[in-house]
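Asker: Starting off with a structure, shown below.
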Amino acid sequence: MDRLQAMKIFERVVEEGGFAAAARAMDMSPPVVTRMVAELEQHLGTRLLQRTTRKLALTDAGESYLQRVRAILHEIDDAEAAAAASTRDLRGIIRIVAAPVLATNFLAPMVALWHAHYPKLILDISMDAYASSRVDEFDVTIMVAGEDFDANIVARPLVQGEAIVVASPDYLERRGIPREPQDLVHHDYLRDSSAPVRAQAGAGRKLRLQSLRAEVPDEEVDAPAVLQSVSTELLMRAAVDGAGVAVTSRLLAEEHLARGELVHILPSWIFSRYTIYAALPSRRMLPARTRVFLDFLTEHVPRAVAQKSGQLS
């Protein structure tokens, strides 16, 4: 048995969610993939995968083994890249997951610059509105966390921001401009269903706003939701089209505010302060290509944000 190949196959089976999918991805026959994983399990003396007719799941031993296998394969890829490149060029794939809004607005604009610096390092970007729950599955997770973030993961802060309340001029002309948080009870709320809310009795939900004045307490508002979604861009589009009041990142709203498509309402209040992080799975050794990507993000994300804000201010 080729143990290295078996480890690669095992990792791909988990990533693809099945033997047949892994076989297609690796251009191998399904029986060979199945046999290699079975031989690996026999060699280890333990079952790594629970097989059912409906899904594939890792056993406890498989979960632990997968984490070590990923680290080993990353180190092997780095060693091969170093040996093959006399110019010290890195090569390989960096697997990234991010919320769609972050992938579109932060990662996509940097792909050309990244490729110019590292043409042999491929970015494989997946999108998931709940990316923070998948840190262990990817090399890098781009995620947003609030001020109370204290998770037991390795995370590098990239940029900080605020979430504000916005609406279109057309909507405000029709419905009036809210002057205080409680005025929002008379407005249509476009709610981000991935954002924290406080469940009340029955089906009610309350929107919590923080005053920028330290002496003023937070306020909770029974804002009636007419639309809810985990898609920030969908909610932004609906707000621009006059569907209601939305909470969104000031950074993402800046272009719409500058063009007069949105208005910042309740300017003395914010929904939250947040930080965008690049999070890593728990690994003792960080692959060289991941380290390079983190350094690239740390340098270019704040710079891009500063340039964008300066152009629009």
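Asker: Only helices at least 24 Å long along their own axis, judged from Cα atoms, and with Kyte-Doolittle mean hydropathy of -1.0 or greater: name those in the chain from DSSP H. Before the final figure, lay out each step's value.
Answerer: On the way: long enough: 60-84 (36 Å, -0.23); 288-312 (36 Å, -0.15).
Correct list, ordered by number: 60-84, 288-312.
Asker: Out of T298, T59, T290, any idea which swings most in a Gaussian network model of the chain, alpha carbons joined below 10 Å?
Answerer: Of T298, T59, T290, the most mobile in the Gaussian network model is T59.
Asker: At 222 nm, what helix-only mean residue ellipticity would the chain give, in deg cm²/dmol to the nearest 500, using -39500 (n - 2.57) for each DSSP H run of four or more?
Answerer: Rounded to the nearest 500, it is -12000 deg cm²/dmol.
Asker: Pick from V154, V216, V165: which residue has the top mean-square fluctuation in a GNM of the chain where Cα pairs under 10 Å get a spring?
Answerer: Answer for the Gaussian network model of the chain: V216.
Asker: Find out how many positive minus negative residues lie around E261, taking Lys and Arg as positive, Asp and Glu as negative, among other residues whose Cβ is under 13 Å from that of E261. Could you put the intermediate results ahead of the total?
Answerer: Numbers: positive: R237, R259; negative: D170, D241, E254, E255.
My count for the surroundings of E261 gives -2.
Asker: To the nearest 10 square angstrom, what accessible area does R250 show with a 1.4 Å probe?
Answerer: R250 exposes around 80 Å² with every protein chain in place.
Asker: Something else: I need the per residue convex hull volume for the chain, using only the alpha carbons, in cubic angstrom as a whole number.
Answerer: 176
Asker: Could I ask something else about it? Note down the relative contact order for the chain as a percent, whole number, built from C-alpha pairs under 8 angstrom at least six residues apart. Mind showing how you got there, number by number?
Answerer: On the way: 496 pairs, mean separation 63.7, N = 313.
Here the relative contact order equals 20 percent.
Asker: Also, quick follow-up: Which whole-number value in Å³ per residue fits the convex hull of the alpha carbons of the stretch 222-273? Before the final figure, lay out each step's value.
Answerer: Working: hull volume 5.0 nm³, N = 52.
In the stretch 222-273, the Cα hull volume divided by residue count equals 95 Å³.
Asker: Quick check: with the 1.4 Å probe, what order do Y274, Y118 take by accessible area, largest first?
Answerer: Working: Y274 30, Y118 70 Å².
Listed by decreasing accessible area, they come as Y118, Y274.
Asker: While we're looking at this one, here's another question. Which of the peptides 135-145, 169-179 is most tightly packed, and how do the rest follow, judged by the mean count of other Cβ atoms within 10 Å per residue? Write down the numbers at each step before the final one.
Answerer: Details: 135-145: 21.5, 169-179: 14.5.
Ranking, from highest mean packing down: 135-145, 169-179.
The values are calculated or read from the model by the stated rules, or taken from the named source; none is laboratory data. Owing to the predicted nature of the structure, the values given are computational and were not obtained by experimental measurement. Cβ coordinates were reconstructed from backbone atoms using ideal geometry, including for glycine residues, and neighbour counts include every protein chain displayed. To get the accessible areas, we keep the full protein, side chains included, count just its heavy atoms, and leave off ligands, DNA and RNA. Shrake-Rupley method; radii C 1.70, N 1.55, O 1.52, S 1.80 Å.
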